[in-house]
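Quick notes on the structure that follows.
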Amino acid sequence: MTGFVSFVGSGPGDPELLTLKAVDRLRRADAVLFDDLSSGPILDYAREEADLVGVGKRAGRMSPRQHHVSRLLVDYAAAGQRVVRLKSGDSGLFGRLEEEIIALREAGVAYEIIPGIPSAVAAAAAAGISLTRRMTARRVQFVTGHDVSGGLPDDLDIAALSDPRACTVVFMGKRTFPKLAALLIDNGLPPDTPAVLAESVSTPEQTLFRNTVTGLSERLSAEIGDKPALILYGPLANEESSND
Ligand SMILES: C[S@@+](CC[C@H](N)C(=O)[O-])C[C@H]1O[C@@H](n2cnc3c(N)ncnc32)[C@H](O)[C@@H]1O
């Protein structure tokens with residue numbers, strides 16, 4: 001008998017931000033393969049008998065290689081198990097979803113994808129920010145600040161990222177933001193563009209630091225800490241701003 005894989009977006013960390021479908025699939029799973037940011041109280045929805053397998057990066061140890069994770073998925077499904085592959089936020093955003101889908105297709109394993117609340121959307125909500133603003137931010141862009149070697153990707157569209165009329169969210173960008181900020185300012189982004197550093201969004205450790213692109217760059221040059229974080233910048237509206 002062939003099993004089935006549900007890719008489930010777990011949202012940013014608060015279990016109340018799981019979708020009803022996510023909870024349903026967790027309750028029915030024989031095995032849950034989870035990333036580090038999809039752990040904690042979210043896993044309480046899995047059955048006691050389910051195999052809970054951490055496949056994410058942990059402090060002090062390397063993450064399992066991607067092909068090993070794909071292999072595990074295929075093996076559990078081939079054993080007839082109902083598998084949940086839990087990924088933080090939405091699985092289709094910077095989550096290596098495609099590699100795992102390809103492995104399942106090659107092995108003839110059926111799957112579904114259940115969307116989750118992206119951390120970027122949860123960060124904007126936590127900061128009271130509207131990602132789009134009539135007249136001033138008609139465009140939103142999500143970008144990674146980190147390539148496979150941990151550096152700033154060298155193929156970023158700096159002109160688009162310097163657009164003062166777009167709201168930009170940088171994932172995995174704390175270490176490289178000072179370099180990115182210098183490139184943006186060289187390309188015309190005003191240094192006093194509002195920026196927010198949103199860490200561990202929706203968890204008890206959540207912190208929000210509101211400043212400017214320059215101020216954030218200076219702070220991150222001095223200290224980055226180890227919490228997962230997003231950087232939002234652009235013509236950010238928040239609850240203190242007037243409506244336009
Ligand atoms: C591998 S990516 C996965 C993104 C995820 N698929 C999503 O939709 O949010 C991991 C990065 O997402 C961001 N992230 C995920 N959860 C977060 C949270 N609760 N608070 C802040 N940033 C978060 C951080 O930039 C983190 O390094």
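The values are calculated or read from the model by the stated rules, or taken from the named source; none is laboratory data. Here the structure is a predicted model, which is why all the values come from computation and not from measurement. Because the Cβ atoms are built from the backbone with ideal geometry, glycine has one as well, and the counts that use them run over all protein chains shown. Protein only, heavy atoms only, side chains kept; ligands, DNA and RNA dropped before computing areas. Shrake-Rupley method; radii C 1.70, N 1.55, O 1.52, S 1.80 Å.
Using the eigenvalues of the Cα gyration tensor, what equivalent ellipsoid semi-axes result for the stretch 125-172 when each is taken as the square root of five times the eigenvalue, whole Å, largest first?
Gyration-tensor ellipsoid for the stretch 125-172: 23, 14, 5 Å.
Send over a whole-number figure in Å² for the accessible area per residue of the stretch 4-114, probe 1.4 Å.
51
Could you calculate the contour length gain from GLU48 to ALA78, that is, 0.36 nm times the residue separation minus the distance between their Cα atoms, to one decimal place in nm?
Answer, rounded to one decimal: 8.6 nm.
Using just the C-alpha positions of the stretch 119-233 as equal point scatterers, what log10 of I(q)/I(0) does the Debye formula give at each q in 0.20 1/Å?
With one equal scatterer per Cα and no solvent, log10 I(q)/I(0) is -1.10.
Place a point 7 Å from Cα of ARG65 in the direction of its Cβ. Which residues in the stretch 133-158 have their backbone N less than 20 Å from it?
148-150
Which order do GLU49, GLU199, GLU112 take when ranked by solvent-accessible area (1.4 Å probe, heavy atoms of all protein chains), largest first?
GLU49, GLU112, GLU199
Modelled label-to-label distance, ILE224 and ILE102, 7 Å Cα→beta-carbon offset: nm?
2.7
Taking the square root of 5 times each eigenvalue of the Cα gyration tensor, what semi-axes in Å does the equivalent ellipsoid of the stretch 66-115 have, largest first?
Ellipsoid half-lengths, sorted descending, are 17, 12, 10 Å.
Starting from the exponent 0.38 and prefactor 2.2 Å, build the expected Rg for the chain from its residue count and divide its actual Cα Rg by it.
1.08
What nm value, rounded to one decimal, do you get for the distance between ARG175 and THR132 when each label is placed 7 Å out toward the C-beta?
That separation, rounded to one decimal, is 3.5 nm.
Order the following by accessible area, largest value first: LEU161, LEU17. Probe radius 1.4 Å; ligands, DNA and RNA are ignored.
LEU17, LEU161
Using a cut-off of 18 Å between alpha-carbon atoms, which aspartates and glutamates can reach LYS21, once sequence neighbours fewer than 8 places away in the same chain are excluded?
Reachable aspartates and glutamates: ASP30, ASP44, ASP90, GLU112.
Only helices at least 20 Å long along their axis, Cα-based, and averaging 1.6 or more on Kyte-Doolittle count here, so list those DSSP H runs from the chain.
Passing helices, by number: none.
Which Rg and Dmax, in Å, describe the Cα atoms of the stretch 1-103?
In order Rg, Dmax, the Cα atoms of the stretch 1-103 give 12.6, 38 Å.
In square nanometres and to one decimal, what's the mean projected area of the convex hull around the Cα atoms of the stretch 151-207?
4.4
To the nearest 0.05, what FRET efficiency results for LEU208 and ALA110 with a Förster distance of 51 Å applied to their C-beta separation?
With R0 = 51 Å, the Cβ-Cβ based efficiency is 0.80.
Please report how far the C-alpha centroid of the stretch 218-236 lies from that of the stretch 115-191, rounded to the nearest whole angstrom.
Taking the Cα centre of each part, the stretch 218-236 and the stretch 115-191 sit 11 Å apart.
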